[in-house]
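Since the structure comes first, as structure tokens, the remarks are kept for the end.
The values are calculated or read from the model by the stated rules, or taken from the named source; none is laboratory data. Just so it is clear, the model here is predicted, and its values are computed rather than measured. Neighbour counts are summed over all protein chains in view; Cβ atoms, including those assigned to glycine, are modelled from backbone coordinates with ideal geometry.
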């Protein structure tokens, strides 16, 4: 094909980007195994994106960038499109013989399609891409090598679902006010992000609950006690209780009983994570972020021995990390 510089100017009304034929070869398995990739580096990049749960589409569009006598003479087909970032990605190596022509094509594309965001990505740029996807300020390489089995919920998935939950709560309590009560301390980040997006007036309070085990020297290993009670009076008020994760529901049942005794006008539960198949107590949440499998999860407020609460995503720990701990976490049976 002739280079774009061989054509004086693009036609006054050049063709729009051309949708490419799907390269899907399977409808089952991880996304990176369902597509026929042209180059092994594309497969590795797709596997990298899947690990961090970054949504992608392989070669969805081709952009005309060169014309000869009114006909398309050159096109650029970016390797990937990342919908959550509205970003096209073109992979490359450090070889200058490949980088120079790709940079020329990218400059041409940006001139012709100024609203299109496209980035030339080297292997060394992967960490920057993770930062753009919400994974900033985490020692990801160390965690992946030593402790993380897989990412379960990505930063963008978390924020998208929290927006939906906040919109639903705001709609249900339109023209009313709320008392939002968080169950410490795994709920910290979830509650902060949630209440910032709820649009009705509210008061905020917290309750801290201890579930005792036999290791605490308590004969009744299932005993639950409130260590810090709420300060705000809730009689006659609409109350939403915020949980990080619900498993058996025994702790939640105790907290709900304590709050109901104070005669609120209504009492509902919103939880970030839920495992309904583990339920023992007959409790349910009206608003649920994600149903998750029976894996040990950390991040976004959830911890292992007080570690990993500050991760901006939710991930599954490798079993060998906690296999010799007893018992692993009070929340595992809460």
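In table form, for the structure just shown:
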quantity: Qualifying residue in the range 239-259 (condition: free of Cβ contacts under 8 Å to residues at least 24 places away in the same chain, surrounded by 12 or more Cβ atoms within 10 Å (Cβ to Cβ) and touching a helix residue (DSSP H, G or I) at 6+ places or on another chain (Cβ under 7 Å)); calculated: no
quantity: Of all residues in the range 303-314 being at pLDDT below 95 and part of a strand (DSSP E or B), the one that is surrounded by the fewest Cβ atoms within 10 Å (Cβ to Cβ); calculated: 307
quantity: Test set (1) in contact with a strand residue (DSSP E or B) (Cβ under 6 Å, 6 or more places away or on another chain); (2) at pLDDT below 95; (3) surrounded by fewer than 18 Cβ atoms within 10 Å (Cβ to Cβ) - residue 151 fails condition number; calculated: (3)
quantity: Out of 45, 37, 63, sole residue that is crowded, with 19+ Cβ neighbours inside 10 Å and not in a helix (DSSP H, G or I); calculated: 63
quantity: Enumeration of residues in the range 108-122 that are part of a helix (DSSP H, G or I) and free of Cβ contacts under 8 Å to residues at least 60 places away in the same chain; calculated: 109, 110, 111
quantity: Subset of the range 239-276 (residues that are touching a strand residue (DSSP E or B) at 6+ places or on another chain (Cβ under 9 Å) and assigned to a helix (DSSP H, G or I)); calculated: 250, 251, 252, 253, 254, 255, 256, 258, 259, 260, 276
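Every residue, every condition in (1) within 28 Å of the chain's Cα centre (by Cα); (2) part of a loop (DSSP other than H, G, I, E, B); (3) surrounded by fewer than 19 Cβ atoms within 10 Å (Cβ to Cβ); (4) modelled with pLDDT of 95 or more, yes or no:
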position: 169; (1), (2), (3), (4): yes, no, no, yes
position: 179; (1), (2), (3), (4): yes, no, no, yes
position: 190; (1), (2), (3), (4): yes, no, no, yes
position: 193; (1), (2), (3), (4): yes, no, yes, yes
position: 197; (1), (2), (3), (4): yes, yes, yes, yes
position: 203; (1), (2), (3), (4): yes, no, yes, yes
position: 206; (1), (2), (3), (4): yes, no, no, yes
